[in-house]
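One structure below.
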Amino acid sequence: MTIIKNPVYFLFIILLGLQNLNAQDENEARKDILFSASGYTFPYEMNKPDKKVILPNHLIEISGLTWMGDGKLACIQDEDGIIFIYDLNKEAVVREIEFEDAGDYEGIEIVGNDIWILKSKGDLYRVKNWLDDQKRSVKKYETELSKKNDCEGFGLDPADSTILIACKGFPNLDEDKDGNSKKAIYRFDPTTNKLFKDPVYTIDLEQVKYYKKYNTMTTWGVEILSLIDESKGDVSFQPSGIAVHPITGNIYVTGAVGDLIIVLHPSGEILAMVSLDMSKFRQPEGICFDPDGNLYISNEGKDSLANLMMFKPKL
C-alpha cells in the first residue's frame with residue numbers, strides 16, 4: 001500500500017505525474033507507449049478497459065489477485081488475513097477464507113493445490129487445502145527479504161513453478177550495497193521454500209527516467225527525495241505488482257508510484273514501458289492474467305471504492 005505522509009514526497013509525486021503526462025503527449029503513435037523494443041508490440045489498450053467493476057467496501061485496499069478459474073479471482077487486501085473469492089460474473093465476493101491475523105499483505109498466488117500469500121516485510125504464508133474448511137492448514141516462512149525491501153509484487157512463473165517477488169523498496173539483501181539506481185525482482189522456490197539470494201531481474205531506473213523524459217526540475221526532485229528518505233530511494237518507478245503472461249512468458253510489472261507498466265522479456269530485456277493514466281489507475285496494485293491472456297488490474301480505493309479492470313489482447 002502506498003501511504004503519502006510527507007508533504008515534500010506528495011509534492012514530488014505530483015511533479016512526477018505531470019512530467020509523465022508530458023512524456024505521453026510526445027508519443028505520436030500510441031500516447032501511452034513511452035518505449036517499445038524493436039519488433040515488439042504491446043498487446044493491450046490500457047486506456048480502454050473491456051470491463052470495469054467497482055469492488056465492495058471490504059476490498060477497498062485490495063493489494064493482490066490471482067486467477068482461480070471458472071470466472072473467479074482469489075484476492076487479498078492489505079489489512080486482513082482473509083482470502084476473498086471474487087466472482088466476475090456475479091460481480092461479488094462469494095466467499096471469505098480466514099488464514100491469519102491482520103497484517104500488511106501484498107500478494108497472493110495459487111501454486112498447485114496450495115495458495116501462497118506475501119507480506120510486505122518478506123514473510124510468506126502457505127495455505128494447504130485452502131478451499132477445505134476441515135483440512136486447511138497454514139505455515140509461515142521467513143525469507144531473507146525485510147521491511148526495507150518493501151515487497152509488493154508477487155506472481156507465479158509457470159515456466160518453472162517458482163514465484164517472483166518484486167521489491168518496491170531497497171533492492172538488495174546486503175544493506176551495504178548501493179541501491180538507489182535500480183529495483184529488484186527475486187525468485188522463491190515453493191518446493192524447497194528457499195529464496196534465490198540474487199535478484200533474477202533488475203530494473204534500471206536511469207533507463208526509466210530517460211524514457212519518461214524527465215525535465216531538469218523533476219530529475220532534481222527525484223534525487224533530493226531519495227536523499228530525504230533513503231528507504232524510498234528513487235521514486236521514478238516502484239513496483240507494486242507482477243504477473244507472467246501465460247502465452248508469451250513475458251513479465252509485467254506495475255508501478256503505482258511511477259504510473260507505469262514495464263514489460264520484461266524472460267531474459268530481463270525491457271520490451272516496453274507503458275504509461276498509466278492516473279485518472280483511471282488511481283493505485284494499481286494487483287495484476288494477473290487468465291489462461292487466454294486477458295489482463296486484470298485492480299486499483300486500491302482512496303477517496304472512492306476500489307475497482308477491477310479487464311483488458312483483452314488486441315493482437
Being closer than 24 Å to I163 by Cα and either surrounded by 17 or more Cβ atoms within 10 Å (Cβ to Cβ) or among the hydroxyl-bearing types (S, T, Y) (or both) is the requirement here; does G286 meet it?
yes
Contact list please: Cβ distance under 8 Å, first residue in region 127-154 and without any contact (Cβ under 8 Å) to a residue 24 or more places away in the chain and of a type in the set (G, A, S), second residue open to solvent by 60 Å² or more (accessible area, probe 1.4 Å) and assigned to a loop (DSSP other than H, G, I, E, B), pairs at least six apart or on different chains.
S137/N129
Hey, could you check region 254-265 for residues that are over 14 Å from Y44 (Cβ atoms) and under 8 Å from the mean Cα position of the chain (by Cα) and say which is least open to solvent (accessible area, probe 1.4 Å)?
G255
Meets criteria (farther than 25 Å from H245 by Cβ and touching a Lys or Arg at 6+ places or on another chain (Cβ under 8 Å)) for K177:
no
Taking region 37-71 on its own, how many of its residues are touching a residue at least 60 places away in the same chain (Cβ under 8 Å), among the polar types (S, T, N, Q) and loosely packed, with under 15 Cβ neighbours inside 10 Å?
2
When T248 is run through (1) open to solvent by less than 10 Å² (accessible area, probe 1.4 Å); (2) polar (S, T, N, Q); (3) modelled with pLDDT of 95 or more; (4) not in a strand (DSSP E or B), the failure sits at (1)
Determine if region 67-84 includes at least one residue that is small (G, A, S), more than 20 Å from G155 (Cβ to Cβ) and either at pLDDT below 95 or not in a loop (DSSP other than H, G, I, E, B) (or both).
no
Is it the case, given these coordinates, that I297 is closer than 22 Å to K213 by Cα and either open to solvent by 50 Å² or more (accessible area, probe 1.4 Å) or of a type in the set (A, V, I, L, M) (or both)?
no
Residues of region 92-101 satisfying the condition of being closer than 22 Å to A243 by Cβ and open to solvent by 30 Å² or more (accessible area, probe 1.4 Å)
V93
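The values are calculated or read from the model by the stated rules, or taken from the named source; none is laboratory data. Since the model is a prediction, treat every value here as computed from it, not as a measurement. Quick reminder, even Gly has a Cβ in these numbers, built from the backbone with ideal geometry, and neighbours come from all protein chains shown. These area figures cover heavy atoms from the full protein model, side chains too; ligands, DNA and RNA do not enter into them. Shrake-Rupley method; radii C 1.70, N 1.55, O 1.52, S 1.80 Å.
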